[in-house]
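The values are calculated or read from the model by the stated rules, or taken from the named source; none is laboratory data. The model shown is predicted, which means the values in this text are computed figures rather than measured ones. Glycine gets a Cβ as well: all are built from the backbone with ideal geometry, and neighbour counts include every protein chain shown. Surface areas here come from the heavy atoms of the whole protein model, side chains and all, with no ligands, DNA or RNA. Shrake-Rupley method; radii C 1.70, N 1.55, O 1.52, S 1.80 Å.
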Amino acid sequence: MLVVGATGDMGKAVVKRLVTSSYRVVAIARSAKALDSLSADLGHPDNLACCPADIGVDDSIDTIRSCIEGPVRAVVHGPGVPTAGGVSDVPCSALTEAVNIKVGGMVRLVRAADAHLVKHSRLIAIGGHYGFEPTAYAATAGVANAALANLMRQYSWAMGERGITAHLIAPGPADTSRLRRVAKAKAEREGSSVEEVLESLKSESAINAFTDIEHIAWAVSTLMDREADALAGSALFMDAGRRRGTP
């Protein structure tokens with residue numbers, strides 16, 4: 001199992017769940033120090049390896065490939081993207097960087113793992129609600145996650161004949177440090193407080209809740225079941241009831 005974005009709030013939860021489920025996990029992130037901290041927090045388990053690599057550059061392909069031993073049952077791509085404001089004022093460079101990390105990063109990850117993928121291997125990308133429900137205040141997340149959804153459908157067809165399935169997990173906002181950065185930017189623009197913005201975002205859910213990062217980790221582990229073959233090419237909308245349209 002390869003996990004990109006392993007040292008973020010969500011990535012840590014995914015790595016922990018997979019490691020405790022006895023999968024061998026290669027945790028990938030830019031910071032070697034953060035990876036060492038992750039390993040220490042988990043008690044330095046024997047089935048966890050750390051691979052410092054910047055998924056935003058092509059050199060990461062060879063770096064990640066060198067960390068792989070044996071078949072790869074799944075790649076999980078969950079890096080964060082910069083929070084740079086709304087569509088009216090976001091720097092074009094931030095949009096480019098977001099697409100590079102989300103879309104280019106997934107391509108690099110798959111290319112690194114390709115020779116080690118086997119029948120029933122999973123390609124799992126973690127996108128987000130804003131890729132399907134655009135807002136005026138989350139430009140980078142909206143654009144990059146929409147592009148990522150398209151990419152994963154392409155991979156479904158490109159890899160399907162090998163019995164390899166592609167999946168997109170699209171969670172709603174989760175109460176993480178990243179969401180609080182988004183809320184801070186929105187609060188500054190609207191002249192409100194961060195807590196007011198968070199409550200407003202929560203109210204967009206049918207159950208008045210954020211998605212929990214543990215829910216995302218559960219979804220990743222569930223996709224490892226053989227029955228998940230039937231979900232090939234699909235998007236799992238883990239948005240706590242935010243979507244209003246159909247389908």
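Rounded, prolate or oblate: pick one for the range 147-196, where a ≥ b ≥ c are the square roots of the eigenvalues of its C-alpha gyration tensor, a/c under 1.5 means rounded, and failing that, prolate if a/b is larger than b/c, else oblate. In terms of gyration-tensor shape, prolate. Shown for the chain: cysteine residues without a partner Cβ closer than 4.7 Å, namely 50, 92. Within a straight-line Cα-Cα reach of under 16 Å, residue 12 can be paired with the following lysines, leaving aside sequence neighbours fewer than 8 residues apart in one chain: 33.
Tell me the per residue accessible area of the range 18-154 using a 1.4 Å probe; a whole number in Å² is fine. Heavy-atom accessible area per residue stands at 44 Å². Taking all Cα-Cα distances within the range 19-67, those exceeding 16 Å account for 39%.
For the range 103-217, just say rounded, prolate or oblate: build the C-alpha gyration tensor, square-root its eigenvalues into a ≥ b ≥ c, call rounded for a/c under 1.5, and beyond that prolate if a/b exceeds b/c, oblate if not. Prolate is the answer for the range 103-217, as a/c is 1.5 or above and a/b outweighs b/c. Of the heavy-atom accessible surface of the chain (probe 1.4 angstrom), what whole percent is carbon and sulfur? Here it works out to 52 percent. The alpha-carbon of residue 186 sits under 16 angstrom from the alpha-carbons of these lysines, leaving out residues fewer than 8 places away in its chain: 202. Per the Cα gyration tensor, the chain maps to an equivalent ellipsoid with semi-axes of 29, 20, 18 Å, ordered largest to smallest. Residues of the range 83-106 falling in the label zone of residue 58, defined by backbone nitrogen less than 14 Å from a point 7 Å along Cα to beta-carbon, are 104-105. Subtracting the Cα-Cα distance of residue 120 and residue 65 from 0.36 nm times their residue separation leaves 17.8 nm of extension gain.
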